[in-house]
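Heads up, the thing below is written out as structure tokens.
The values are calculated or read from the model by the stated rules, or taken from the named source; none is laboratory data. This is a predicted model, so every value here is computed, not measured. As a convention, Cβ positions derive from the backbone with ideal geometry for all residues, glycine included, and neighbour counts pool all protein chains shown. Areas reflect the complete protein model, heavy atoms only, side chains present, ligands, DNA and RNA absent. Shrake-Rupley method; radii C 1.70, N 1.55, O 1.52, S 1.80 Å.
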Amino acid sequence: MRSSLVAVSAALLAPFAVPAQAEEADPGAIVALQFALGGDHKGVRASGAKGVCLKGTFTPSPAAAALSKAPQFAKAVPVTARFSMGGSNPKISDKTKPVTRGFAMRMADPAGDLTFVVVSAPVFSTRTPAQLLEFLKVRAPGPDGKPDAERIKAFAAQNPETGRQAAWLAARPVPASFAGVDYWAVHAYTLTNAAGVGTTAKLKFVAADKAGLSDDELKAKPDSFYADELKQRLAQGPATFDLVAILAEPNDPTADVTASWPEEERKQQTLGTLAITAIEPDATCDAATFDPVVDLPDGIAGPADDPMFAIRSPAYAVSLSRRSN
Ligand code: HEM
């Protein structure tokens with residue numbers, strides 16, 4: 001919360017303070033296009049507009065403190081979280097494919113909250129903010145109200161890495177539940193322990209109860225079923241995810257969110273378990289933004305050289321200020 005408010009005032013009062021690599025595209029322009037592509041609905045997020053607010057607990061594994069001195073890896077902490085559908089259309093069907101399902105969470109601690117905002121794919125759709133701006137621009141409707149299919153095709157041919165996320169999603173079934181799919185933080189993080197030893201890792205939330213829908217099952221579903229499914233599931237007990245660190249090897253790319261690492265060939269370490277226990281009123285999640293850049297305690301840092309990381313903070317602040325006004 002603390003840092004989200006700081007981020008909003010920074011967005012309103014000053015030029016965006018982002019590192020040199022991120023200055024190639026204006027976060028305000030990106031967010032305006034994100035809204036436009038979803039139909040310019042008011043009072044919603046620029047992405048993750050349709051979602052469910054939740055609460056739960058994160059309990060670290062005994063091994064976590066050896067990798068990070070963050071307080072969240074030393075004791076169990078309360079969590080505010082939100083599952084969502086990608087995009088700015090609050091009426092998007094839960095059946096939509098290939099669209100990411102999102103998971104935002106704030107693991108609270110007086111010494112500094114730990115926030116992750118993750119998606120149901122190991123990669124993001126673009127490598128740089130400038131590429132994201134173009135990716136969105138080519139999808140904007142033309143004078144006939146429709147996007148230009150030829151332009152989209154030409155952009156994809158020139159920027160093949162921007163098709164990896166959609167291809168990954170298209171090759172998998174639509175999740176049967178927000179709690180039935182894995183989520184990735186996509187960026188490379190540095191975990192630092194009490195002795196000052198750093199470890200580079202990608203982070204993944206692994207669902208305890210994975211389930212996808214067959215084409216027939218999908219057809220039989222209404223457009224909104226995730227919220228009800230979650231209500232019924234949580235009435236039976238918590239929905240749990242293991243937080244797993246995928247440890248980097250020397251030549252793994254740490255500044256390109258369109259490039260995944262061969263996870264099966266990497267060492268993995270479970271850092272703890274996130275248990276989602278109950279649904280919360282929307283207002284609990286809507287008052288601030290989940291800021292994955294600023295809201296990190298000592299012991300975990302985002303990548304300094306990944307241009308898609310830092311710009312998320314001002315972009316989320318622009319979206320928050322628009323949906324709050
Ligand atoms: C330059 C890159 C990105 C931009 C400009 C961007 C932009 C945004 C914006 C403006 C919001 C709405 C924030 C709010 O109103 O609170 C948002 C939400 C979200 N973003 Fe991003 N995003 C980026 C990268 C990513 C990445 C890499 C991921 C996941 C790995 C991600 C996952 C999400 C999710 C799950 C939400 C919903 C958050 C919620 O439920 O409150 N975004 N994004």
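Any chance you could count how many residues in the stretch 203-220 are part of a loop (DSSP other than H, G, I, E, B) and open to solvent by less than 70 Å² (accessible area, probe 1.4 Å)?
Final tally of qualifying residues: 3.
Working only within the stretch 161-181, note down all residues that are under 28 Å from GLN232 (Cβ atoms), of a type in the set (A, V, I, L, M, F, W, C) and part of a loop (DSSP other than H, G, I, E, B).
First, the residues of the stretch 161-181 that are under 28 Å from GLN232 (Cβ atoms): 169, 172-181.
From what's left, of a type in the set (A, V, I, L, M, F, W, C): 169, 174, 176, 178-179, 181.
Once the filter is applied, which keeps residues that are under 28 Å from GLN232 (Cβ atoms), of a type in the set (A, V, I, L, M, F, W, C) and part of a loop (DSSP other than H, G, I, E, B), the stretch 161-181 yields VAL174, ALA176, PHE178, ALA179, VAL181.
Which count do you get for residues in the stretch 66-87 that are within 10 Å of the ligand (Cβ to nearest atom) and either open to solvent by less than 10 Å² (accessible area, probe 1.4 Å) or within 17 Å of GLY198 (Cβ to Cβ) (or both)?
Final tally of qualifying residues: 3.
Does SER321 satisfy the condition of being within 16 Å of the ligand (Cβ to nearest atom), surrounded by fewer than 19 Cβ atoms within 10 Å (Cβ to Cβ) and either farther than 22 Å from SER125 by Cα or aliphatic (A, V, I, L, M) (or both)?
It is true that SER321 is within 16 Å of the ligand (Cβ to nearest atom), surrounded by fewer than 19 Cβ atoms within 10 Å (Cβ to Cβ) and either farther than 22 Å from SER125 by Cα or aliphatic (A, V, I, L, M) (or both).
Which of (1) open to solvent by 60 Å² or more (accessible area, probe 1.4 Å); (2) in contact (Cβ under 8 Å) with a residue 60 or more places away in the chain; (3) not charged (D, E, K, R) does SER93 not meet, given it meets every other one?
(1)
Of (1) outside any loop (DSSP other than H, G, I, E, B); (2) hydrophobic (A, V, I, L, M, F, W, C); (3) crowded, with 24+ Cβ neighbours inside 10 Å, ALA121 satisfies all except one. Which?
For ALA121, the failing item is (1).
Identify, from the list THR258, THR277, the residue that is more than 18 Å from the chain's Cα centre (by Cα) and either closer than 28 Å to GLY56 by Cβ or surrounded by 13 or more Cβ atoms within 10 Å (Cβ to Cβ) (or both).
Going through THR258, THR277 in turn, just one is more than 18 Å from the chain's Cα centre (by Cα) and either closer than 28 Å to GLY56 by Cβ or surrounded by 13 or more Cβ atoms within 10 Å (Cβ to Cβ) (or both): THR277.
Of all residues in the stretch 41-87, count the ones that are in contact (Cβ under 8 Å) with a residue 24 or more places away in the chain and either in a loop (DSSP other than H, G, I, E, B) or of a type in the set (Phe, Trp, Tyr) (or both).
20
Counting only residues that are under 22 Å from PRO253 (Cα atoms) and either more than 9 Å from the ligand (Cβ to nearest atom) or open to solvent by 10 Å² or more (accessible area, probe 1.4 Å) (or both), how many does the stretch 280-295 have?
1
Hey, can you tell me all the residues within the stretch 88-117 that are more than 8 Å from the ligand (Cβ to nearest atom), outside any loop (DSSP other than H, G, I, E, B) and of a type outside the set (Lys, Arg)?
MET105, MET107, LEU114, THR115, PHE116
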